[in-house]
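The values are calculated or read from the model by the stated rules, or taken from the named source; none is laboratory data. Keep in mind it's a predicted model, so treat the numbers as computed, not measured. Cβ placement follows ideal geometry from the backbone for every residue including glycine, while neighbour counts extend to all protein chains displayed.
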Amino acid sequence: MKKVILSGFFAISSLGMFAQANTKNLPATAKDFIQQNFSSNTIQEVEENANWKIWEDEKYEVKLSNGVELDFDENGNIIEMESQNDTIIPLSALPANITSYLQENYPNIQVVGWEKQKKEQEVELADGIELEFDAEGNFRKID
C-alpha cells in the first residue's frame, strides 16, 4: 500500500515539473510585458506558432495561471489579451490613450479583452460592451 501511495505522489509531483512552460524562445519584450502587467501569475503554457498561416501576426500564444491568454507578434509585441474566465485585465496592460478614455468614461468597468489590428484596437468590457479605437488609441465607437 505504501508503494502505491508513494508512486501516486511521485507521479503527481512529476506532472508539476513538466507542466511549467518553456519560455526560452519567448522574446524579452514579451517576458517584460508579462512581468510588468501580470507578475502575480505564472506562465502555464507557451505555444510558438511558427507555421500558422491563418493568423500571420500571432507568433506566440501564452496562457497564464489566471486564465488570461496573451498573443505576441514575432518581436514580442502584445497584439491580443483575452480572459477565458472573465478575469480582469489590468488597465496598465492597455495603451495609455485607451486607459485614459476608460478611466474618464467607464471609471468602474472591468476589461476582459483587448485586440490590436493594423488600423484599429478593440476593447471588450465585462458587461459585454465592445469599444473600438483607432490605431493610436482614439475612441471611434461602441461596437
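Looking only at the stretch 70-86, which residues are at negative phi and small (Gly, Ala, Ser)? Passing the criteria: only Ser83.
Looking at the stretch 116-143 only, could you name the residues that are surrounded by 16 or more Cβ atoms within 10 Å (Cβ to Cβ), of a type outside the set (A, V, I, L, M, F, W, C) and assigned to a strand (DSSP E or B)? If the condition is that a residue be surrounded by 16 or more Cβ atoms within 10 Å (Cβ to Cβ), of a type outside the set (A, V, I, L, M, F, W, C) and assigned to a strand (DSSP E or B), then Lys116, Gln121, Glu122, Glu124 are the ones that fit. Would you check if there is a residue in the stretch 51-72 being surrounded by fewer than 13 Cβ atoms within 10 Å (Cβ to Cβ) and touching a residue at least 40 places away in the same chain (Cβ under 8 Å)? Scanning the stretch 51-72 turns up no residue that is surrounded by fewer than 13 Cβ atoms within 10 Å (Cβ to Cβ) and touching a residue at least 40 places away in the same chain (Cβ under 8 Å). Tallying residues that are within 22 Å of Asn77 (Cα to Cα) and not small (Gly, Ala, Ser) within the stretch 103-124 yields 13. Within the stretch 116-139, does at least one residue satisfy the condition of being of a type in the set (D, E, K, R), modelled with pLDDT under 95, closer than 24 Å to Leu26 by Cα and out of contact with any Pro (no Cβ under 7 Å at 6 or more places or on another chain)? For the stretch 116-139, residues of a type in the set (D, E, K, R), modelled with pLDDT under 95, closer than 24 Å to Leu26 by Cα and out of contact with any Pro (no Cβ under 7 Å at 6 or more places or on another chain): present.
Grab the helices (runs of 4 or more DSSP H) fully contained in the stretch 1-106, keeping just those with 1 or more residues being at pLDDT 95 or above and closer than 25 Å to Leu125 by Cα. Lay out the reasoning, then the answer.
Values: elements: 2-19, 28-37, 96-105.
In the stretch 1-106, 28-37, 96-105 are the helices (runs of 4 or more DSSP H) which contain 1 or more residues that are at pLDDT 95 or above and closer than 25 Å to Leu125 by Cα.
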